[in-house]
Structures are given as C-alpha cells and as structure tokens.
Amino acid sequence: QVQLVESGGGLVQPGGSLRLSCAASGSSFRLSAMGWYRQAPGKQRELVAGISSGGITNYSDSVKGRFTISRDNAKNTVFLQMNSLKPDDTAVYYCNQKFAIVTYWGQGTQVTVSS
C-alpha cells in the first residue's frame with residue numbers, strides 16, 4: 001500500500017513563494033506518474049501540474065510560468081515550487097500517484113495566499 005505525505009503548505013503573502021513536498025512509500029515511485037492537484041472551497045479538484053516517470057511535465061494554464069514540478073526518484077519525493085503566488089492559488093493541495101491502473105492520494109496540505 002502506497003502512502004503519500006505532503007508538507008510545506010502554509011500562509012504566504014501575495015507575490016510570495018512556497019515549496020510543497022510529497023514523500024511516497026513503496027517501490028513503484030520511479031515508475032509512476034506524479035501530480036499535484038488543488039481544491040478550493042466550493043470548487044472541483046483540478047490538476048495543477050504533472051510529471052511523468054520519464055520527467056515530462058505539464059501545467060495548468062493558470063500556473064504556467066509560476067509553478068515548477070520536479071521529482072527526486074532517489075528520495076521517492078515530488079516537489080511543487082510555487083512562485084508569484086496569488087490569492088486565487090488558495091486551496092488544499094493534494095499529491096497524486098498513478099501506477100498502472102491504480103491511483104493514490106495524499107491527505108492534502110493547505111495553502112493560503114493572503115495579506
């Protein structure tokens with residue numbers, strides 16, 4: 001059973017930066033596609049950024065140029081560097097792992113962008 005543990009969320013002022021981390025258990029990490037999703041109050045969960053097992057990345061239009069997803073297979077960890085944060089980025093951020101037909105989710109970490 002895979003467990004995903006997110007960290008790095010918090011309160012930040014507009015224009016600030018945060019770096020989220022997601023540590024995964026198990027041996028399937030390097031073969032898995034990883035992603036970061038977010039869900040704001042009253043809204044559906046949406047994909048923020050993804051990275052394939054081979055390192056190919058994709059981003060939602062709303063974060064392109066501001067967020068960077070990366071992975072460290074030696075540490076079973078995926079990161080989300082978030083720069084130039086806006087109040088609209090406020091949400092619970094979830095880590096996601098896809099391996100074969102199985103999907104795993106972390107418990108989420110709150111990101112609040114406010115002055």
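The values are calculated or read from the model by the stated rules, or taken from the named source; none is laboratory data. If you're wondering where the values come from, they're calculated on a predicted model, not measured in any experiment. Quick reminder, even Gly has a Cβ in these numbers, built from the backbone with ideal geometry, and neighbours come from all protein chains shown. Only protein heavy atoms, including side chains, enter the accessible area calculation; ligands, DNA and RNA are left aside. Shrake-Rupley method; radii C 1.70, N 1.55, O 1.52, S 1.80 Å.
A few remarks follow.
- Options 27, 62: the member that is surrounded by fewer than 17 Cβ atoms within 10 Å (Cβ to Cβ) and out of contact with any helix residue (DSSP H, G or I) (no Cβ under 8 Å at 6 or more places or on another chain): 27
- Filtering the range 78-104 to residues that are over 12 Å from residue 32 (Cβ atoms) and not in a loop (DSSP other than H, G, I, E, B) leaves 79, 80, 81, 82, 87, 88, 89, 91, 92, 93, 94.
- Unique residue being under 20 Å from residue 44 (Cα atoms), crowded, with 18+ Cβ neighbours inside 10 Å and modelled with pLDDT of 95 or more when the list is 76, 96: 96
- Screening 19, 45 for residues that are open to solvent by 80 Å² or more (accessible area, probe 1.4 Å), within 10 Å of the chain's Cα centre (by Cα) and at pLDDT 95 or above leaves exactly one candidate, 19.
- Residue in the range 41-51 that is closer than 20 Å to residue 10 by Cα and touching a residue at least 60 places away in the same chain (Cβ under 8 Å) present: no
- All conditions but one from (1) within 20 Å of residue 115 (Cβ to Cβ); (2) open to solvent by less than 30 Å² (accessible area, probe 1.4 Å); (3) not in a loop (DSSP other than H, G, I, E, B) apply to residue 11; the one that does not is (2).
- Only one of the numbered conditions (1) part of a strand (DSSP E or B); (2) within 12 Å of the chain's Cα centre (by Cα) is violated by residue 107, and that is (1).
- Tally, over the range 30-42, of residues that are closer than 26 Å to residue 113 by Cβ, open to solvent by 40 Å² or more (accessible area, probe 1.4 Å) and not in a strand (DSSP E or B): 2
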